[in-house]
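Undergrad: Pasting a structure here, questions to come.
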Amino acid sequence: GNRTLSMTHNKYFFSGRLEAVRQDPAGGNRTQEYAEPNEEGPHEADVVPLVKIADPVHGAPAFNINPMLLEGIRMGDRFWELAKLTTFGEVVDAIFYEVKYVTPWVPGTHGKRSSGMQSAVRGVSNAGTPGIAYTMLLKLFLLRLTRDQVRSLLRHPDSPYIRAIGFLYLRLGLYDFKELWAWFQPYLGDDDQFFIDGTPATATTIGEFVRRLMTDQDFFGDRLPRLPVLVSRQIEDKLQKAASGVTDEPPTEAGGGGGGSGWGPEDAERLKRKRAELAEAEGKVRSLRKLRPL
């Protein structure tokens, strides 16, 4: 009866979508339109260079997204619907309304075994359901954001989830991880609060989140790309200095990472005020790490 019908439907849907993904792994999502050099608007010369790794299945840009997750996002309806949004502003609005967690998978779906027909399709249902945050993240990668656009994500006043997606954009996709510190450093003391998986159990601040992205490779059932040893060591060193109050260095302009981030005396003051809280947050993170693997 009905069961056979829905299974048949699934089978055709999956083979149809698989074929569509094979023909267009970007799901109809295209690079944004850039303004002419003398016009207002996003300029192509200002685009943040992204990692050039392609996925093994389609040879399309993978932006360091885990292959199973990437395939799951491409198989999902929402990703194909996002093709209708062609500007940065439209995508940011969609993130504002739709994103209330930033884990790679829909919380509670990853790592559950499932039986049945779909589990045979490249592990799509075994893996869990791809989360909306990473769906939006792939959309932003495909738009190819400028430095100004990335900065506006990182500082967005309306939603910490928009901000968190901005930090993930850099932590996953940045071509040169040596730039990471310059981008992230101004936000180490930021106490804007949010829930990583949408529940109070994962309550954190932007400052703690940024620190964790720089020091921890595990991220809610996923692995972040490994930072080069030298970069990792420098970051640990700078974090220790920041925590002990040794330095108030402004973000470096090198590579323009955090360049133009408007570092001023009030930021230095704010950093000083955050010192005590930072040390406390450090302690919290350490005790959390002891309690459970993050």
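Undergrad: Using a simple spin-label model with points 7 Å from Cα along the Cα→Cβ vector, what separation in nm is obtained for residue 236 and residue 220?
TA: Taking the two extended label points, one gets 2.7 nm.
Undergrad: Evaluate E = 1/(1 + (r/R0)^6) for residue 15 and residue 36, where r is the Cβ-Cβ distance and R0 equals 51 Å; express this FRET efficiency to the nearest 0.05.
TA: According to the calculation, E is roughly 0.70.
Undergrad: First select every other residue whose beta carbon is under 12 angstrom from the beta carbon of residue 142; then total the charges, Lys and Arg +1, Asp and Glu -1.
TA: +3
Undergrad: Are any of the pairs 52/238; 178/241; 100/139; 52/139 more than 24 Å apart by Cα-Cα distance, and if so, which?
TA: Too far apart for the 24 Å limit: 52/238.
Undergrad: How much net charge surrounds residue 34 when only the other residues with a Cβ under 11 Å from the Cβ of residue 34 are counted, with Lys and Arg +1 and Asp and Glu -1?
TA: With Lys, Arg at +1 and Asp, Glu at -1, the net is -4.
Undergrad: Sorted by mean Cβ packing within 10 Å, highest first, what order do the peptides 227-236, 82-91, 58-67 take?
TA: Going from most to least packed, we get 58-67, 82-91, 227-236.
Undergrad: Sorted by packing (mean other beta-carbon atoms within 10 Å per residue), highest first, where do 95-104, 216-225 land?
TA: 95-104, 216-225
Only the coordinates and a few stated rules stand behind these numbers; no lab work does. Fair warning: this is a prediction, and the values are worked out from it, not measured in the lab. Using ideal geometry, Cβ is built from the backbone for each residue, glycine included, and neighbour counts are taken over all protein chains shown.
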